[in-house]
Amino acid sequence: MTNVNGHDLEADISMEKYMSDQFSISGRIQSFGHAIDGIVLMLRSQHNAWLHAIASVTVLLAGAFCRLSAIEFCWLVIAIMAVWTAEALNTALEFLADVASPEFHPLAKKAKDVAAGAVLISAAGSVVIALLIFGPYIFTCLHLAG
């Protein structure tokens, strides 16, 4: 069905409904639920996500033990967030590559390797941040012990 301007009214109504659903409270709640589902899926399907979880908890507990400043904690949270974000994007890309190329394909492998490399880069940067923050505390503990 078209209107006087030649627009498809059904498409206009469908788009209007889509837009109203996207910006509604229930739409936001559904979106949040989908995000939680994605995090749970990542934790269930990716062994490295469990390593990230253990490292995250360990670093935060060590930060509390050392009584880090708010700024130091902020840097740790940013580092942790970077690793988790990279891992989530890596997981999503792996799923998409598997759908696009269920059989082995060298380009799918390259895409997966690059995404895994991004996780490694973020993890290495996070280790550097942790060493910069915890280094003085470790040095003090070693100096007092020796």
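The values are calculated or read from the model by the stated rules, or taken from the named source; none is laboratory data. The model shown is predicted, which means the values in this text are computed figures rather than measured ones. As a convention, Cβ positions derive from the backbone with ideal geometry for all residues, glycine included, and neighbour counts pool all protein chains shown.
A few notes on this one:
- Test: residue in the stretch 124-134 that is in contact with a helix residue (DSSP H, G or I) (Cβ under 6 Å, 6 or more places away or on another chain), closer than 26 Å to ILE36 by Cβ and touching a residue at least 12 places away in the same chain (Cβ under 8 Å): yes
- ILE54 being modelled with pLDDT of 85 or more and either at positive phi or in the same structural domain as ILE121 (by TED's automatic domain parsing) (or both): yes
Okay, residues lined up against (1) in contact with a Gly (Cβ under 6 Å, 6 or more places away or on another chain); (2) within 18 Å of SER122 (Cα to Cα); (3) among the aliphatic types (A, V, I, L, M):
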site	(1), (2), (3)
VAL59	no, yes, yes
ALA62	no, no, yes
ILE71	no, no, yes
TRP84	no, yes, no
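- Candidates LEU68, LEU96, LEU43, filtered to the one that is modelled with pLDDT of 95 or more, hydrophobic (A, V, I, L, M, F, W, C), out of contact with any Lys or Arg (no Cβ under 7 Å at 6 or more places or on another chain) and part of a loop (DSSP other than H, G, I, E, B): LEU68
- Just so you know, in the stretch 19-30 the residues that are part of a helix (DSSP H, G or I) and surrounded by fewer than 11 Cβ atoms within 10 Å (Cβ to Cβ) include one that is modelled with the lowest pLDDT, and it is SER20.
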